[in-house]
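A.B. asks: Would you mind keeping the following structure in view while I ask a few things?
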Amino acid sequence: MISRSLFAAVWLASSALAAPPLTTIQDVLYKADGTRFNGTLTISWTSFEAVDSSAITTQTTTVTVVAGNLRVQLVPTTTAVPPANYSVKYNSDGRISFGETWAVPSSVQPLRVRDVRIASTQAGLASANVVAPTIQESDIAGLVPDLGARPLKGPGYATGRVALVNPSGSLESVAGSPSDCVRVDGSSGPCGSGGGLVPSFVDGDSPTGIVDGANTTFALSAVPSPSSSLALYLNGMLQKVAQDFTANGNTIQFVTAAAPQPGDTLVASYRLAATDTGTPQLFAASQVLCAGAGTGNSTIGFASLGGCAVPAGILLPGDRVEIHVDLDHQGALGGFTVEIHWGAAILLHRDAAASDAQITARGEAAILTTGARLSAQSWGTVLPFAATVASSTDAYANGLTIDFQGKAIQAGDTVTLRNYTVVRLP
């Protein structure tokens, strides 16, 4: 009786301590450059029942691979219930390199990775027994309500069109001519029609008339509305109505004392009467032709510190070009000289002392029918303020180069172009 009880206890203990069968995967892993792989393999699986009815729970294990040597023991999955796979992610250099799927058969001999890998184009070893599980939308938490919240295509949906939301919440496309405008309710029609009055603007208008110092009557391209919206500039200076000129319709009448002189530039900006005919709105804007930081020169000969090549056809009569430039001086052996060249003309020339650590300059060019009227201002740390005016006959229509030059009075000192900007004002 005692012997039977002892036998039963031993049998129960051995059953409790029995482990499921294992298959050894052993291989040497290499990278594409021929070096051995170093990193970790993260192997994960879902619950299944082994061939010996052992219950394998969902879990993850990490295997370290040193100098390419891989050895891991896993429960076979090709005979599992239900059939299962292992998901393997290769980690190297702190990130996931790639992933693959293993189907592990029963084997008393070690297997290589190629024996358990499930290939994407052909069946792997015993992969015919592996059945991919079917995942329903309801199996994924939150997927069904998320799909229900997304907009759906309506019957009027088409590509390459502006989208609108129909009364049922689906997406459709606005119908109409490609040149139509779309309203907030999704309807379309010719721009400016049926949708209220559209204000229009004219900026950078050049009044017509002879600029000879005697003529005082000029004409705008359109009638300002309201008349108080007219802003008239003579050489960049805002003119005062009733004091410098009067306006009637699109006609400007200067007082005799304020008559534009030869070479002067007139520019006007104003609003137009509201219209529902889709009148184009003209918004002329300033244009940065070039900007940047330059270089330095420590020799006693002039050298270019930076420049701006204005392409042909950019500058037109009535335009104004503004030039802003800042320079530094390093050293105390002597002073320095800076120049701004407008084509072949010298827009600015200043000689600074050794104590001038910084200098700044502003230049303008009023574009005429031929050539330009030039003006410049400059000052420095101790360099006094100075202003100059000159004329240029350079043919800007074919393109023009603006060049910033500098030189040291004594070799060893350095003059450096720190920043420059060239802006075109229409």
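A.B. asks: Could you work out the relative contact order of the chain, using alpha carbon pairs under 8 angstrom and six or more residues apart, expressed as a whole percent?
C.D. replies: Taking the mean separation of contacting Cα pairs over the length of the chain, I get 11 percent.
A.B. asks: With every protein chain present, what is the per residue accessible area of region 338-426 (1.4 Å probe, Å²)?
C.D. replies: Here the per-residue accessible area is 44 Å².
A.B. asks: Go through 21, 44, 321 and say which Cα lies farthest out towards the positive end of the charge dipole of the chain; charges sit on Cβ, +1 for Lys and Arg, -1 for Asp and Glu.
C.D. replies: So the residue furthest toward the plus end is 21.
A.B. asks: Once the piece of chain linking residue 253 and residue 108 is laid out straight, how much longer is it, given 0.36 nm per residue of separation minus the C-alpha distance between them?
C.D. replies: Residue separation times 0.36 nm, minus the Cα-Cα distance, leaves 41.4 nm.
A.B. asks: How long is the gain from residue 273 to residue 360 if the chain were fully straight, where each residue apart is worth 0.36 nm and the alpha carbon distance is subtracted?
C.D. replies: Working: separation 87, 0.36 × 87 = 31.32 nm, distance 4.40 nm.
The residue 273-residue 360 span can extend by a further 26.9 nm.
A.B. asks: Less than 10 Å Cβ to Cβ from residue 267, Lys/Arg counted +1 and Asp/Glu -1: what total charge do the surrounding residues give?
C.D. replies: -2
A.B. asks: With the full set of protein chains in place, find how many percent of the accessible area of region 276-426 is carbon and sulfur; take the probe as 1.4 Å. Don't skip to the answer; put the middle values down first.
C.D. replies: Numbers: 3880 of 6950 Å².
The C+S portion of the solvent-accessible surface of region 276-426 is 56 percent.
A.B. asks: Would you mind giving the three semi-axes, in whole Å and largest first, of the ellipsoid equivalent to region 346-409 according to its Cα gyration tensor?
C.D. replies: On the way: eigenvalues 145, 32, 12 Å².
Each semi-axis is the square root of five times an eigenvalue, giving 27, 13, 8 Å.
A.B. asks: What's the magnitude of the charge dipole for the chain around its Cα centre, counting Lys and Arg as +1 and Asp and Glu as -1 at the beta-carbon? Answer in Debye, nearest 20.
C.D. replies: For the chain, the charge dipole is close to 1320 debye.
A.B. asks: Now a separate question. Tell me which of 332, 311, 355 sits at the most positive position along the dipole axis of region 295-370, charges placed on C-beta atoms (Lys, Arg +1; Asp, Glu -1).
C.D. replies: Selected residue: 311.
A.B. asks: Going by alpha carbons, how many degrees (0 to 90, nearest 10) lie between the helix axis of 2-17 and the longest principal axis of the chain?
C.D. replies: That helix lies at roughly 20 degrees to the long axis.
A.B. asks: A further question follows. Is the chain best put as rounded, prolate or oblate by its Cα gyration tensor, with a ≥ b ≥ c the root eigenvalues, rounded for a/c under 1.5, and otherwise prolate when a/b is larger than b/c, oblate when not?
C.D. replies: Note, shape of the chain comes out oblate.
A.B. asks: Less than 15 Å Cβ to Cβ from residue 101, Lys/Arg counted +1 and Asp/Glu -1: what total charge do the surrounding residues give?
C.D. replies: Details: positive: 89, 114, 117; negative: 100, 115.
Spelling it out: positives minus negatives among the neighbours equals +1.
A.B. asks: Give, as a single signed number, the net charge of other residues whose beta carbon lies under 12 Å from the beta carbon of residue 233, with Lys and Arg counted +1 and Asp and Glu -1.
C.D. replies: With Lys, Arg at +1 and Asp, Glu at -1, the neighbours total -2.
A.B. asks: Rounded, prolate or oblate: which one fits region 318-362, using the alpha carbon gyration tensor with axes a ≥ b ≥ c (rounded when a/c is under 1.5, else prolate when a/b beats b/c, else oblate)? The partial results should precede the final answer.
C.D. replies: Numbers: a/c = 4.06, a/b = 2.20, b/c = 1.85.
Here region 318-362 falls in the prolate category.
A.B. asks: Given R₀ = 41 Å, FRET efficiency for residue 302-residue 98 by Cβ-Cβ distance, to 0.05?
C.D. replies: The computed FRET efficiency comes out at 0.10.
A.B. asks: Could you compute the FRET efficiency for residue 89 and residue 146, with r as their C-beta to C-beta distance and R0 at 41 Å, rounded to 0.05?
C.D. replies: Efficiency for this residue pair is about 0.95.
A.B. asks: Give me the distance in nm between label points sitting 7 Å out from Cα along the Cα-to-Cβ direction at residue 288 and residue 309, one decimal.
C.D. replies: In this crude label model, residue 288 to residue 309 measures out at 2.1 nm.
A.B. asks: Now for a separate question. Rounded to the nearest 0.05, what FRET efficiency do residue 345 and residue 215 have when you use their Cβ-Cβ distance and R0 = 25 Å?
C.D. replies: In this case the efficiency is close to 0.35.
A.B. asks: Something else about it: Convert 20 °C to kelvin, take the viscosity as 1.002 mPa s, use the Kirkwood radius over C-alpha pairs of region 11-104 as Rh, and evaluate the Stokes-Einstein diffusion coefficient in µm²/s, rounded to a whole number.
C.D. replies: Values: Rh = 14.6 Å.
Calculated translational D: 147 µm²/s.
A.B. asks: Oh, and also: Treat each spin label as a single point 7 Å out from the Cα along the C-beta direction, and report the residue 139 to residue 32 distance in nm.
C.D. replies: 3.3
The values are calculated or read from the model by the stated rules, or taken from the named source; none is laboratory data. All of these numbers come straight from a predicted model, not from anything done at the bench. No Cβ is skipped: glycine too gets one built from the backbone with ideal geometry, and neighbour counts run over all protein chains shown. Heads up: the accessible areas ignore ligands, DNA and RNA and are worked out on the full protein's heavy atoms, side chains in. Shrake-Rupley method; radii C 1.70, N 1.55, O 1.52, S 1.80 Å.
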